[in-house]
Structures are given as C-alpha cells and as structure tokens.
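The values are calculated or read from the model by the stated rules, or taken from the named source; none is laboratory data. Note that the structure is a prediction, hence the values are computed from the model and not measured. Positions of Cβ are backbone-derived with ideal geometry, glycine not excepted, and every protein chain shown enters the neighbour counts.
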Amino acid sequence: MRTLRSKGKVRNLHKSHSAKRSEIELAFLLHDWSDPYNVGGLFRVADACGAVEVVLCGKTPSPPHPQISVTSLGHHRRVQFQQFIKPQDAVSYLKQKGYALVAVEIADSAECYTDFAFPAKTCLVLGNEQVGINETMLRACDHSVFIPMAGKGRSLNVHVAASIIAFEALYGRSSAT
C-alpha cells in the first residue's frame, strides 16, 4: 500500500470506499489478441478488480513475454492464468468451472452493459483488437454486452473496454448481489 505525505500527515491511497462490491466471481478470456501490450494492460485490470483468472487462447501472447511484463508492471505475476491453443478447450475449461461467458462485442443480441444483470460467475470474453470476436466464439458465449459509443470512433482499446465492463459488473447497479 502506498502512502502520501501531506502537511506532515500520512494518508493511505487505497482508503476504504462506500461502493459495495458485488459477490460476482470474475474471469477474462482473451481470444486471438495480437498486441502483448494490451495483454499486459489487461493483467493490470484483472488484478485491480480482483479477477480470479485470465484465460488466454488462440494466438494471444502470454507471459513471460517482455512486452507483457512492461505494461503489466508485474501484475501478470499476481493473477492466475491459463493458456489454450484451441479456443474450444478454453471454452470447455471455463464452462466446466461454471462460468457464464459474456462476450464484449457489438452483436445482434447484445445488451448495453449497464442494463445487463451479470451472472454470479462471469467470464468476460474479449476478441481480437482489430476484428473482435469471431462467429464461432460468439456462438459459444451465453450472452453479449456492448458499450454505447457517442463519438465518431466505433470502439475503445480492448483492455479499456474490459475495465469499464468489469467494474460495472462488480460495482455497478446492474451487478448481481
């Protein structure tokens, strides 16, 4: 825990807060990510929100990749992760553990993330940074959510989108308690 000295007084930077965290068990599935810097950023997000694990599949780079280490700032050593070459093996692994797979994707059946009631065991599925989640993986998911975009851009950085939705699942009004 870091501290900040202000006018001779020491205060904690991680003070208790009034927001009530839900009891949701959260995991992430990274499918065919290409940028190790994004993977490192996601490990920071996973650690920050207390995720149980990160599952990497397809061509997604994994630790100890040096670029992951740079952006994760060591958080990749704090969060359990699994690596699967075949995406269907990653899906089977998560479903056997009781996770509902929630795709973060603009899809026909997708709900706005603020209106979605996140299941007690939620795995957020995040696809490739350029093309999103492929059809096969999307069909394997139980639900899909999207972030409405007001600007001209059609998407956010993938680990930024993951953090927005993860913290909504854990602290937002749509989280299950």
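Side notes on the structure shown:
- Meets criteria (surrounded by fewer than 18 Cβ atoms within 10 Å (Cβ to Cβ), closer than 12 Å to L29 by Cβ and of a type in the set (A, V, I, L, M, F, W, C)) for A100: yes
- For the range 126-143, residues that are closer than 26 Å to Y37 by Cβ and of a type in the set (G, A, S) total 2.
- H75 fulfils the conditions (1) under 24 Å from T136 (Cβ atoms); (2) in contact with an Asp or Glu (Cβ under 7 Å, 6 or more places away or on another chain); (3) modelled with pLDDT under 95 except for a single criterion, (1).
- Qualifying residue in the range 139-147 (condition: in a loop (DSSP other than H, G, I, E, B), modelled with pLDDT of 90 or more and closer than 15 Å to C57 by Cα): yes
- Tallying residues that are within 17 Å of V39 (Cα to Cα) and in a loop (DSSP other than H, G, I, E, B) within the range 71-108 yields 5.
- Flag: K59 does not match the condition of being over 19 Å from S163 (Cα atoms) and either assigned to a strand (DSSP E or B) or free of Cβ contacts under 8 Å to residues at least 12 places away in the same chain (or both).
- Against the conditions (1) in a loop (DSSP other than H, G, I, E, B); (2) modelled with pLDDT under 95; (3) surrounded by 14 or more Cβ atoms within 10 Å (Cβ to Cβ); (4) of a type outside the set (S, T, Y), G153 satisfies every one except (3).
Rundown of residues vs (1) under 21 Å from F43 (Cα atoms); (2) at pLDDT 95 or above; (3) of a type in the set (V, I, T), yes/no style:
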residue: S109; (1), (2), (3): no, no, no
residue: T122; (1), (2), (3): yes, yes, yes
residue: N128; (1), (2), (3): yes, no, no
residue: G132; (1), (2), (3): yes, no, no
residue: M149; (1), (2), (3): no, no, no
residue: H159; (1), (2), (3): yes, no, no
residue: S163; (1), (2), (3): yes, yes, no
residue: A166; (1), (2), (3): yes, yes, no
residue: S175; (1), (2), (3): no, no, no
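- Selection within the range 64-84 - in contact with a strand residue (DSSP E or B) (Cβ under 7 Å, 6 or more places away or on another chain) and either surrounded by fewer than 20 Cβ atoms within 10 Å (Cβ to Cβ) or not aliphatic (A, V, I, L, M) (or both): Q80, F81, Q82, Q83, F84
- In the range 1-34, of all residues being in contact with a Gly (Cβ under 9 Å, 6 or more places away or on another chain) and at pLDDT 95 or above, the one that is surrounded by the fewest Cβ atoms within 10 Å (Cβ to Cβ) corresponds to E25.
- Residue check for Q130: more than 16 Å from I24 (Cβ to Cβ), surrounded by fewer than 21 Cβ atoms within 10 Å (Cβ to Cβ) and touching an Asp or Glu at 6+ places or on another chain (Cβ under 6 Å): no
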